[in-house]
Amino acid sequence: MSSIVSLKRVAKRYQRGKQTVEVLHSLDLEIEAGDFVALMGPSGSGKTTLLNLIGGLDRPSEGEVSVGGQRIDRLSGSALARFRARHIGFVFQFYNLMPMLSAQANVELPLLLTSLSAGKRHQHALTALQIVGLAERAKHKPAELSGGQAQRVAIARALVADPTLLVCDEPTGDLDRKTADEILGLLQLLNREHGKTIIMVTHDPKAAEYAKHILHMDKGTLAPQAVA
Amino acid sequence: MLKQIIAVTGMNLRNLSQRLGVSLVIVIGIAVTVAVLVSVLAMSAGFNKTLANTGRPDRAIVLRGGSEAELSSTISRENTQTIIDAPGVRRDADGKPIASAEMVAIINLPLKTSGADANVTFRGVGGKLQVLRPELHIIEGRMFRPALREVIVGRAAQAQFKGLGLGSRIDMRGSQWTVVGVFESGGDAHESELMADIETALSAYRRNLFQSVTVMLESADTFKAYKDALTTDPTLSVDVKREPQYYAAQSKRLTELLNFLATWVGGIMALGAVFGTLNTMYSAVSSRQMEIATLRAIGFGATPVIVSVFVEALLLSLIGSLLGGLLAWLFFNGNVVNTLGSNFSQVVFRLTVTPALLGSGVSLALVVGLFGGLFPAIRAARLPIVEALRAQ
């Protein structure tokens, strides 16, 4: 299988006052299409930074980042925004739904960046909600949903535009065990049945067990370890 | 792009109810600014309107040369006759010139509102008063009679001052004058005055000098000829002005003062409103940080975010300005107030909130909104997505 994510000698440094802090050190990574990768590691190990670089939310200080065959490390802000709209679906720990919009309108948001008609957007959003099992809650607002339901809506929003990659940052960090298992089962289903490539940051070893591969990070470097 | 702008702006506006308190800071700040600005300008507009309504282009007023107002002018009886008999003055059916040699004096009367004494113009007028000033109508009582200590009072003066009811007696120069009539004259400055027969007034004040002569011209076009006739007469040293020109000059100083006040007070308040708007919009951007970062992460551009912040600032400013305009209109439009006029006496006028003034208020508010929204919009656009997502 071909690599859908490729990082070569990637370093990321931040300036904190007069001090330069290197979060990622000359990191190499290849993730194949259709993979489900869990990124684990202690706080401050650089896993979210790595996820942000892959998701095009941030740029590396050094090295190359390619997603879907496209170099994204040198893209301008607007080109990166277009890249994210087309290729990346984000799932956040706290769902990040728009409180004033219904579940369906939240799911439709990424489609506003496409040329789809309103009718098509509506239809696609309903399909995405059906996939996550929440079609009957389409008209509900986030405040009227449980945590698990809100995260399902967020997952529907992440996959509605059929992105190349689903990027999940602690997607079950705010959920109880049972709900977390349901969400992880859903991600696993999207990976196995729909062929979605998923990269997930998690602290939870049980959550990581749902992935095909677990990557351990420590002090800005990677130690790959295959499971299942 | 338009779809993005509409979607982000729509979301933002739908979220306003959750930021009602801080949003009201903008609305109230701008409403007060606009209300103050519009009401001060309404004063200026009302005062202008009152003095602009005073006079006709086919009437001329003659003062001693160099006198800016009637109080500082004196004209001898002999000169008065020359002024009235000059060519260009319209004559009545009997061939007599339509003119009025007049005197003015300042008397004190208590205001109805505070009871404090204020200056009122007492004007002695000639017998041709109603032919010379056809806009003057007796609306209550009757005209004064010559040789009797009788006065007629303007409607505006009666509304503002105590003791001007029909039949009331006013102490002037140690004698009592009876109010025998109330007049209106189209809302002009004369409505703030008291009028009596000129000879009786001169006698009461022990004067033999007039202060102005107002003449009706044959037509507005004969003004120049009339003026030339007087100013080239070596026996006279007078200034001749059309009535509207004279009253416009009288209102100029106060109008300038009111406009200066409106500009500075309104300007300083607008500056305060800009800071209020800035503060509120920064707070709005801060409270929407997660939303903005999420939208940017999904792929929305910076422009829709900038537009949404601007639209919010402008919309709140617009609401504030309409509220301020409405308050000014409800509480001030048509209000009767008085101020010192040209003769150091009270001129009563109505505050006039015109559509143009409301337009100025709305324009000022939109400028405030534009400046108040600018920096928060830039901040929103530059919000680092990663940091904003981490900050939740």
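The values are calculated or read from the model by the stated rules, or taken from the named source; none is laboratory data. Every value quoted in this text rests on a predicted model; they were computed, and no experiment measured them. Ideal geometry is used to build each Cβ from the backbone, glycine not excepted, and the neighbour counts take in all protein chains shown. Ligands, DNA and RNA are stripped out before the accessible areas are found, and what is left, the full protein with its side chains, is counted by its heavy atoms. Shrake-Rupley method; radii C 1.70, N 1.55, O 1.52, S 1.80 Å.
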Work out how far the C-alpha atoms of the range B:74-122 reach from end to end along every principal axis, then list the three figures in whole Å, largest first.
48, 25, 14
At a Förster distance of 22 Å, what's the computed FRET efficiency of residue A:14 paired with residue A:64, Cβ-Cβ distance as r, to 0.05?
0.65
Estimated distance in nm for a label pair at residue A:116 and residue B:18, the labels positioned 7 Å out from Cα along Cα-to-Cβ:
2.4
Summing +1 for each Lys or Arg and -1 for each Asp or Glu, what net charge is found among the other residues whose Cβ lies under 12 Å from the Cβ of residue A:8?
-3
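Given Cα pairs under 8 Å that are at least 6 residues apart, what percent is the relative contact order of chain A?
28 percent.
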Out of all Cα-Cα pairs in chain A, roughly what percent, to the nearest whole number, are more than 23 Å apart?
47
Per DSSP, loop trypsin sites (Lys or Arg not before Pro) in the range B:1-105 with at most 11 further Cβ within 10 Å
none
For the protein assembly as shown, the fraction of alpha-carbon pairs in successive 10 Å shells from zero, as %:
3, 14, 17, 13, 9, 7, 7, 8, 9, 8, 4, 1, 0
Quick check: residue separation of residue B:367 and residue B:209 times 0.36 nm, minus the Cα distance between them. What number comes out in nm?
51.3 nm
Which FRET efficiency value, to the nearest 0.05, do you get for residue B:72 and residue B:268 by plugging their Cβ-Cβ distance into 1/(1 + (r/R0)^6) with R0 = 41 Å?
0.70
Mind checking the alpha-carbon convex hull of the range A:1-115 and giving the volume per residue in Å³?
155
Projected area averaged over orientations for the range A:109-228, convex hull of C-alpha atoms, nm²
8.6
Toward the positive end of the charge dipole of chain B, about the Cα centre and with charges on Cβ (Lys, Arg +1; Asp, Glu -1), which of B:8, B:251, B:120 goes farthest?
B:8
With a length cut of 27 Å (Cα positions projected on each helix's long axis) and a Kyte-Doolittle mean of at least 1.6, go through chain B and give me the DSSP H helices that pass.
B:20-52, B:302-332
What base-10 log of the normalised intensity I(q)/I(0) is obtained for chain B from the Debye formula, alpha carbons as equal point scatterers, at q = 0.06, 0.09, 0.12 Å⁻¹?
-0.39, -0.65, -0.89
Give the span of the range B:1-56's Cα atoms along each principal axis, as three whole-Å numbers ordered largest to smallest.
60, 28, 11
Using θ = phi - 60° and the Karplus curve 6.51 cos²θ - 1.76 cosθ + 1.60, what whole-Hz ³J(HN,Hα) does each residue of the range A:86-94 get, with Gly and Pro shown as x?
8, 10, 10, x, 9, 10, 9, 4, 9
In the range A:36-58, what residues drop by 40 Å² or more of accessible area when the other protein chains are put back, versus the chain on its own? Use 1.4 Å, and skip ligands and nucleic acids.
A:57
Say the cut-off is 27 Å between C-alpha atoms; which of A:47/A:178; A:47/A:196; A:47/B:3 go over it?
A:47/B:3
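For the range B:66-236, what % of the accessible area comes from carbon and sulfur atoms, probe 1.4 Å?
Of all accessible area on the range B:66-236, carbon and sulfur atoms account for 49 percent.
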On alpha carbon coordinates alone, what is the Rg over Rh value for the range B:66-236, Rh being the Kirkwood radius?
0.99
Taking the Cα centre as origin and putting +1 on Lys and Arg beta-carbons and -1 on Asp and Glu beta-carbons, what dipole magnitude results for the protein assembly as shown, to the nearest 20 debye?
460
Can you tell me the accessible area per residue over chain A, all protein chains present, probe 1.4 angstrom, in square angstrom?
43
Which part of the range A:147-175 falls in the paramagnetic zone of residue A:130, meaning amide N under 19 Å from the point 7 Å along Cα-to-beta-carbon?
A:152-163
Among residues of the range B:292-315, a drop of 10 Å² or more in 1.4 Å probe accessible area, assembly relative to the chain on its own, occurs for B:294, B:295, B:296, B:297, B:298, B:299, B:300
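Restrict the search to the range A:67-123; then list the trypsin sites (Lys or Arg not before Pro) that DSSP places in a loop and that have at most 11 other Cβ atoms within 10 Å of their Cβ.
A:74
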Rolling a 1.4 angstrom probe over the protein heavy atoms, how many square angstrom per residue are accessible across the range B:66-236?
43
Selected from A:49, A:20, A:179 as most flexible by GNM, with chain A as the system and alpha-carbon contacts under 10 Å:
A:20
In degrees, nearest 10, range 0 to 90: what is the angle between the Cα axis of helix A:118-131 and the longest Cα principal axis of chain A?
80
Below 14 angstrom from the Cβ of residue B:174, what's the summed charge of the other residues (Lys, Arg +1; Asp, Glu -1)?
+3
At 7 Å along the Cα-to-beta-carbon direction for both residue A:188 and residue B:175, put a label point, then send me their distance in nm to one decimal.
11.6
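What does the charge add up to near residue B:299, with Lys and Arg as +1, Asp and Glu as -1, over the other residues with Cβ less than 9 Å from its Cβ?
+4
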Along Cα→Cβ, 7 Å out, is where each label goes; now give me the distance between the ones at residue B:113 and residue A:174 in nm to one decimal.
5.8
Summed for both chains, how many Å² of accessible area, to the nearest 100, are buried between B and A with a 1.4 Å probe?
2000
Using 1/(1 + (r/R0)^6) with R0 = 30 angstrom and r between the beta carbons of residue B:159 and residue B:130, what's the FRET efficiency to the nearest 0.05?
0.85
What number, rounded to the nearest 500 deg cm²/dmol, is the helix-based mean residue ellipticity at 222 nm of the protein assembly as shown, given -39500 (n - 2.57) per DSSP H run of at least four residues and division by all its residues?
-14500 deg cm²/dmol
